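**Student:** Before I ask anything, let me first share the structure, which is written out below as structure tokens.
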Amino acid sequence: MNAFTSCNPATAEVVFTRPGWSQAQLDDSIQRLKSAQTHWAALSVSQRAERMLKLAVQLETHREQLAALVTLEVGKRTAECLAEIDKSAQLIRYYAELAPALLAPQSIATQASQSGVAFEPLGCVLAVMPWNFPIWQLLRFAVPALMAGNTCLVKPAPSVPQCTQLLLELVHAAGLDCLDIAWIDHELVEEAIRRSDAVAFTGSTHTGRLIASLAGKHLKKTVLELGGSNPFIVLADADVEAAAQDAVNSRYRDAGQSCNAAKRMIVVPEIAEQFVAAFVAAASALRPGDPRDPATTLSPLTRADLREALHAQVLDACHQGARLLLGGQLPAAPGFFYPATVLDHVHAGCRVYHEEVFGPVASILRARDEADAIRLANDTPFGLGASIYTADTTHGWELARQLEVGSVFLNRHTSSDLRLPFGGVKASGYGRELSEFGLYEFVNVKTYWQK
């Protein structure tokens with residue numbers, strides 16, 4: 001069965017197909033990883049770090065080759081792909097430096113002669129990964145899990161087989177046998193969950209619920225990084241031109257196919273017209289084209305079905321009374337391109353108000369006042385990240401505490417930093433990746449006590 005097929009999003013041509021695994025192949029992989037885990041966990045954290053650093057070198061050595069495959073299969077601009085690979089190598093170096101200290105046993109004073117905690121691996125951890133950041137998101141999960149002594153079995157998205165295969169080859173070239181790729185379709189996911197010791201998932205909220213239910217059935221620890229509809233709040237005293245440019249940069253990077261992008265621009269009346277004019281002007285300057293061309297600033301969507309779903313959301317918003325200020329038309333050219341689109345006066349009842357919008361479509365919500373802006377920001381099932389733009393940073397932090405999200409950025413669009421935890425609340429999932437908090441997600445925090 002051809003479970004993994006990639007298309008070139010810029011041309012819509014099929015470029016690669018590979019068969020999926022049988023259950024016997026899945027069983028063999030899990031058995032190998034469970035056997036390897038015993039030896040991997042027996043190494044000191046410093047020894048694991050030394051081996052992981054070899055993978056960072058492999059990523060840096062083959063960054064152009066890997067980036068080219070990500071561009072081919074995902075459609076992202078080459079510069080964005082190179083940045084993804086560089087950040088992945090930085091992630092390995094970050095954990096290689098910090099993990100030995102963070103995973104060292106800790107003594108805790110009690111009435112015992114000695115007591116404390118140790119951080120021990122759970123075993124073989126399964127990850128079900130998406131297509132939009134096929135290198136970064138896989139390693140964002142795997143690196144801390146591996147550093148903690150686990151082995152990792154990764155089910156990639158069906159549309160990115162070539163870049164995933166090359167990453168696996170680089171893992172093997174680094175001398176690591178603690179990670180494998182599960183070339184399985186959805187029918188074998190429950191079996192993989194049952195045989196694994198914990199589960200990580202990054203992707204849509206809908207699929208996240210299914211993964212969580214299967215993991216709950218088999219009592220497996222889970223970390224879920226799901227959808228987002230990040231509010232981007234611009235207050236009356238903000239630098240409006242700078243805010244508008246940041247909003248455009250965030251909304252349209254990676255063709256808008258990022259859970260953590262700014263998606264709902266919430267503006268107060270005093271600056272609404274100025275912001276909208278500046279936003280539309282900046283979005284109008286984006287240039288769609290071949291993602292390998294440095295002059296291209298807007299890449300195609302990854303798949304045809306994603307474009308169809310996005311266009312349906314736009315048509316619904318227009319039918320519900322939102323104003324189409326830019327884009328919103330299906331291009332006649334080959335590939336899965338969609339124009340930079342701006343919807344103004346978006347309101348409750350529009351699908352784009354309630355649903356995640358995964359593509360180059362921005363929604364502008366006009367708040368009655370500052371308090372209404374906070375209400376609109378929280379009036380969503382999602383809770384990943386948020387931005388607030390204001391000259392009064394003290395007041396900005398007061399407002400930040402009212403937002404129901406996993407992270408708040410003041411005078412900057414949402415992003416991720418290796419040193420800070422990443423994750424959400426509500427329908428955006430639970431658990432954290434990155435930083436020390438991500439390192440502790442897939443460990444057994446074991447208590448020791450001696451009389």
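The values are calculated or read from the model by the stated rules, or taken from the named source; none is laboratory data. Since the structure is predicted, the reported quantities are computational estimates derived from the model, not experimental observations. Backbone-built Cβ (ideal geometry, glycine too); neighbour counts: all protein chains shown. Each accessible area value is taken on the protein alone, full model and side chains, heavy atoms only, with ligands, DNA and RNA left out. Shrake-Rupley method; radii C 1.70, N 1.55, O 1.52, S 1.80 Å.
**Student:** Among the candidates 247, 255, which residue alone is under 22 Å from residue 346 (Cβ atoms), in contact with a Leu (Cβ under 9 Å, 6 or more places away or on another chain), modelled with pLDDT of 95 or more and in a helix (DSSP H, G or I)?
**Tutor:** 255
**Student:** To continue, here is another question. Could you pull out every one of the helices (runs of 4 or more DSSP H) wholly within the stretch 347-421 that has 2 or more residues that are over 29 Å from residue 328 (Cα atoms)?
**Tutor:** Fully inside the stretch 347-421 and qualifying: 370-378, 393-400.
**Student:** Find all pairs meeting these conditions: Cβ atoms under 6 angstrom apart; at least six residues apart or on different chains; first residue within the stretch 1-20 and outside the structural domain of residue 77 (by the TED database) and under 13 Å from residue 303 (Cβ atoms); second residue surrounded by 16 or more Cβ atoms within 10 Å (Cβ to Cβ) and basic (Lys, Arg).
**Tutor:** none
**Student:** Mind telling me which of the residues 367, 377 ends up being buried (at least 22 other Cβ atoms within 10 Å of the Cβ) and within 25 Å of residue 282 (Cα to Cα)?
**Tutor:** 377
**Student:** Do any residues in the stretch 283-311 that are free of Cβ contacts under 8 Å to residues at least 12 places away in the same chain and part of a loop (DSSP other than H, G, I, E, B) have Cβ atoms under 7 Å from those of residues that are surrounded by fewer than 17 Cβ atoms within 10 Å (Cβ to Cβ) and of a type in the set (Lys, Arg), where the two are at least six apart or on different chains, and which pairs are they?
**Tutor:** From residues that are free of Cβ contacts under 8 Å to residues at least 12 places away in the same chain and part of a loop (DSSP other than H, G, I, E, B), the pairs are 295/287.
**Student:** Just to be sure I understand, how many residues within the stretch 292-304 are within 15 Å of residue 74 (Cβ to Cβ) and out of contact with any strand residue (DSSP E or B) (no Cβ under 9 Å at 6 or more places or on another chain)? Before the answer, list the steps.
**Tutor:** Step one: of the stretch 292-304, the residues within 15 Å of residue 74 (Cβ to Cβ) are 292, 296, 298-304.
Subsequent filtering for residues that are out of contact with any strand residue (DSSP E or B) (no Cβ under 9 Å at 6 or more places or on another chain) retains 292, 301.
Here the count works out to 2.
**Student:** Return yes or no: is residue 191 surrounded by fewer than 24 Cβ atoms within 10 Å (Cβ to Cβ), of a type in the set (Asp, Glu) and either touching a strand residue (DSSP E or B) at 6+ places or on another chain (Cβ under 6 Å) or farther than 23 Å from residue 157 by Cα (or both)?
**Tutor:** no
**Student:** If you scan the stretch 13-27, which residues turn out to be open to solvent by 60 Å² or more (accessible area, probe 1.4 Å) and part of a loop (DSSP other than H, G, I, E, B)?
**Tutor:** 19
**Student:** Out of the residues in the stretch 271-299 that are of a type in the set (Asp, Glu) and closer than 23 Å to residue 10 by Cα, which is surrounded by the fewest Cβ atoms within 10 Å (Cβ to Cβ)?
**Tutor:** Among those that are of a type in the set (Asp, Glu) and closer than 23 Å to residue 10 by Cα, it is 293.
**Student:** Taking the stretch 47-57 on its own, how many of its residues are more than 10 Å from residue 92 (Cβ to Cβ) and within 28 Å of the chain's Cα centre (by Cα)? Before you say what the answer is, go through the steps one by one.
**Tutor:** Residues of the stretch 47-57 more than 10 Å from residue 92 (Cβ to Cβ): 47-48, 50-51.
If we keep only those that are within 28 Å of the chain's Cα centre (by Cα) as well, we get 48, 50-51.
Total meeting the criteria: 3.
**Student:** Okay, next question. Out of all the residues in the stretch 313-323, is one or more in a strand (DSSP E or B) and open to solvent by 70 Å² or more (accessible area, probe 1.4 Å)?
**Tutor:** The answer is yes, given that some residue of the stretch 313-323 is in a strand (DSSP E or B) and open to solvent by 70 Å² or more (accessible area, probe 1.4 Å).
Yes or no, residue by residue, for (1) within 28 Å of residue 211 (Cα to Cα); (2) free of Cβ contacts under 8 Å to residues at least 12 places away in the same chain:
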| residue | (1), (2) |
| --- | --- |
| 65 | no, no |
| 75 | yes, no |
| 82 | no, no |
| 104 | no, no |
| 107 | no, yes |
| 148 | yes, no |
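**Student:** Same structure, new question: Residues that are farther than 30 Å from residue 204 by Cβ, at least 2 per element: which strands (runs of 3 or more DSSP E) completely within the stretch 92-159 meet that?
**Tutor:** Counting at least 2 such residues, we get 114-121.
**Student:** Next question, about the same structure. Give me the pairs: first residue in the stretch 171-187 and in the same structural domain as residue 210 (by the TED database) and over 25 Å from residue 207 (Cβ atoms), second residue among the polar types (S, T, N, Q) and not in a helix (DSSP H, G or I), beta-carbon distance under 9 Å, and six or more apart or on different chains, which are they?
**Tutor:** Listed by first residue and then by second, the contacts come to 177/151; 178/150; 178/151.
**Student:** Among the numbered criteria (1) in contact with a helix residue (DSSP H, G or I) (Cβ under 8 Å, 6 or more places away or on another chain); (2) farther than 27 Å from residue 295 by Cβ; (3) open to solvent by 10 Å² or more (accessible area, probe 1.4 Å); (4) among the hydrophobic types (A, V, I, L, M, F, W, C), which single criterion is violated by residue 109?
**Tutor:** (1)
**Student:** Condition first: under 21 Å from residue 213 (Cβ atoms) and surrounded by fewer than 21 Cβ atoms within 10 Å (Cβ to Cβ). Now tell me which residues in the stretch 429-440 satisfy that.
**Tutor:** 430, 431, listed by residue number.
**Student:** Exactly one of (1) within 30 Å of residue 37 (Cα to Cα); (2) touching a strand residue (DSSP E or B) at 6+ places or on another chain (Cβ under 6 Å); (3) open to solvent by 50 Å² or more (accessible area, probe 1.4 Å) is unmet by residue 426. Its number?
**Tutor:** (1)
**Student:** If only one of 167, 219 is surrounded by fewer than 17 Cβ atoms within 10 Å (Cβ to Cβ), over 17 Å from the mean Cα position of the chain (by Cα) and farther than 24 Å from residue 381 by Cβ, which one is it?
**Tutor:** On the way: 167 fails: surrounded by fewer than 17 Cβ atoms within 10 Å (Cβ to Cβ).
Unique residue meeting the criteria: 219.
**Student:** Specify which of the listed residues (352, 357) is under 10 Å from residue 322 (Cβ atoms) and either modelled with pLDDT of 95 or more or not assigned by the TED database to the domain that holds residue 268 (or both).
**Tutor:** 352
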